[in-house]
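The values are calculated or read from the model by the stated rules, or taken from the named source; none is laboratory data. Everything numeric in this text was worked out from a predicted model, so none of it was measured. Here Cβ is always computed from backbone atoms with ideal geometry, including for glycine, and neighbour counts include all displayed protein chains.
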Amino acid sequence: MAIDAKTRLYGVFGDPVTHSLSPALHNAAFGATGLNAVYLAFGLKDAKGAVDAVRHLHMGGASVTIPHKTDVMAHLDEVDETARAIGAVNTIVNRSGKLIGFNSDVDGAMRALEQKGEIAGRKVVMIGAGGAARAIGYGIRQKGGTLLIANRSADKGESLAKDLGASFCPLTGLDLGDVDILINATSVGMTPHVDDVPVPLDSLTSRTLVMDIVYNPLETALLSAARAAGCETVDGTAMFVFQAVAQFEMWTGLEAPVDLMRRTVLEAL
Ligand code: ATR
């Protein structure tokens, strides 16, 4: 699709954004669906500037990333309930001039897990208590999963557990024997510390579905150990791809080309 006077603009706002995979991902999806739209990366220092840009340039929508996910909220016309509960917006939708904030990380994480099975009634152990953990944990609770949070620092872990209606346990002494879903929502295992695993895995059995949010490397030590134990796994690209799928659907009302989006991310890594 050639760029012309009717081309709709989308983009990601954050700082830094030069390594973002989102432009490749969304432009591939726009191209495949024949939409006259383009997606660019904008490194901006202030959140208000990002929202003003979306408004004044009549952008179709935008992704919001670090460090603006919380600060944009004050400048939007409306923030949906999930994004408000988490305290973070990663998606802006322009509905006829009204700018609405959403959080597609929750939906993205749930879709990534649901590819492999149901969440309701499952016993989930999640390691981590940062922003990613908050989005994933919120989704798990909404879906009716039982959630146990483990984290290096007890105060952050306990505080997130309280917010989400979950329980907390220290990293050591976790028995994974009866766990249905194990999620690493920390950066443990990321390059260059590729041999690190977030918790001792001696008690892991093949009944557990193991998800990692780390995608650098794609085959983390956690996922490698999980596969060796016979577990099903969800790699770190899944949540990223599905949060973009959810964005694409909110922006366009069309079904997203999921396989193409996944292939595009794998090729860009
Ligand atoms: P994000 O917003 O991407 O989730 P974050 O808010 O910095 O990132 O959260 C990082 C998470 O990874 C935290 O749960 C952190 O544990 P602490 O709360 O104890 O800081 C966890 N984390 C990061 N590096 C870690 C490490 N080397 N060992 C254990 N946990 C780690």
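The table below gives the values:
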read-out: Of the criteria (1) over 20 Å from Val64 (Cβ atoms); (2) in contact with a strand residue (DSSP E or B) (Cβ under 7 Å, 6 or more places away or on another chain); (3) of a type in the set (Val, Ile, Thr), which one Ile213 fails; value: (1)
read-out: Verdict on Met110 being closer than 20 Å to Gly87 by Cβ and away from the ligand (no atom under 15 Å from the Cβ); value: yes
read-out: Residue among Val93, Val89 that is modelled with pLDDT of 95 or more, closer than 22 Å to Leu9 by Cα and under 16 Å from the mean Cα position of the chain (by Cα); value: Val89
read-out: Conditions (1) touching a strand residue (DSSP E or B) at 6+ places or on another chain (Cβ under 8 Å); (2) within 16 Å of the ligand (Cβ to nearest atom): number failed by Asp71; value: (1)
read-out: Residue count for region 170-197, restricted to those that are modelled with pLDDT of 95 or more, more than 21 Å from Val106 (Cβ to Cβ) and of a type outside the set (Gly, Ala, Ser); value: 12
read-out: Answer residue from region 138-155, given it is within 11 Å of the ligand (Cβ to nearest atom) and under 20 Å from the mean Cα position of the chain (by Cα) and is nearest to Met110 (Cα to Cα) among those; value: Ile149
read-out: Flag for Val106 being assigned to a loop (DSSP other than H, G, I, E, B) and surrounded by 17 or more Cβ atoms within 10 Å (Cβ to Cβ); value: no
read-out: Matching entry among Glu118, Glu158 (being among the charged types (D, E, K, R) and touching a strand residue (DSSP E or B) at 6+ places or on another chain (Cβ under 8 Å)); value: Glu158
read-out: Val214 vs. criteria closer than 28 Å to Ser20 by Cβ, in contact with a Ser or Thr (Cβ under 8 Å, 6 or more places away or on another chain), in a loop (DSSP other than H, G, I, E, B) and without any contact (Cβ under 8 Å) to a residue 60 or more places away in the chain; value: yes
read-out: Qualifying residue in region 218-234 (condition: within 16 Å of the ligand (Cβ to nearest atom), more than 18 Å from the chain's Cα centre (by Cα) and assigned to a helix (DSSP H, G or I)); value: yes
read-out: Subset of region 126-155 (residues that are among the hydrophobic types (A, V, I, L, M, F, W, C), under 28 Å from Val64 (Cα atoms) and not in a helix (DSSP H, G or I)); value: Met126, Ile127, Ala129, Leu147, Ile149, Ala150
read-out: Scan of region 66-89 for residues that are surrounded by fewer than 18 Cβ atoms within 10 Å (Cβ to Cβ) and of a type outside the set (A, V, I, L, M), ordered by number; value: Pro67, Thr70, Asp71, Asp77, Glu78, Asp80, Glu81, Arg84, Gly87
read-out: Answer residue from region 156-191, given it is surrounded by 21 or more Cβ atoms within 10 Å (Cβ to Cβ) and assigned to a strand (DSSP E or B) and is farthest from the ligand (Cβ to nearest atom) among those; value: Ile181
read-out: Residue within region 201-209 that is aliphatic (A, V, I, L, M), within 12 Å of the ligand (Cβ to nearest atom) and on the phi < 0 side of the Ramachandran plot present; value: no
read-out: Verdict on Asp196 being in contact (Cβ under 8 Å) with a residue 12 or more places away in the chain, within 9 Å of the ligand (Cβ to nearest atom) and surrounded by fewer than 19 Cβ atoms within 10 Å (Cβ to Cβ); value: yes
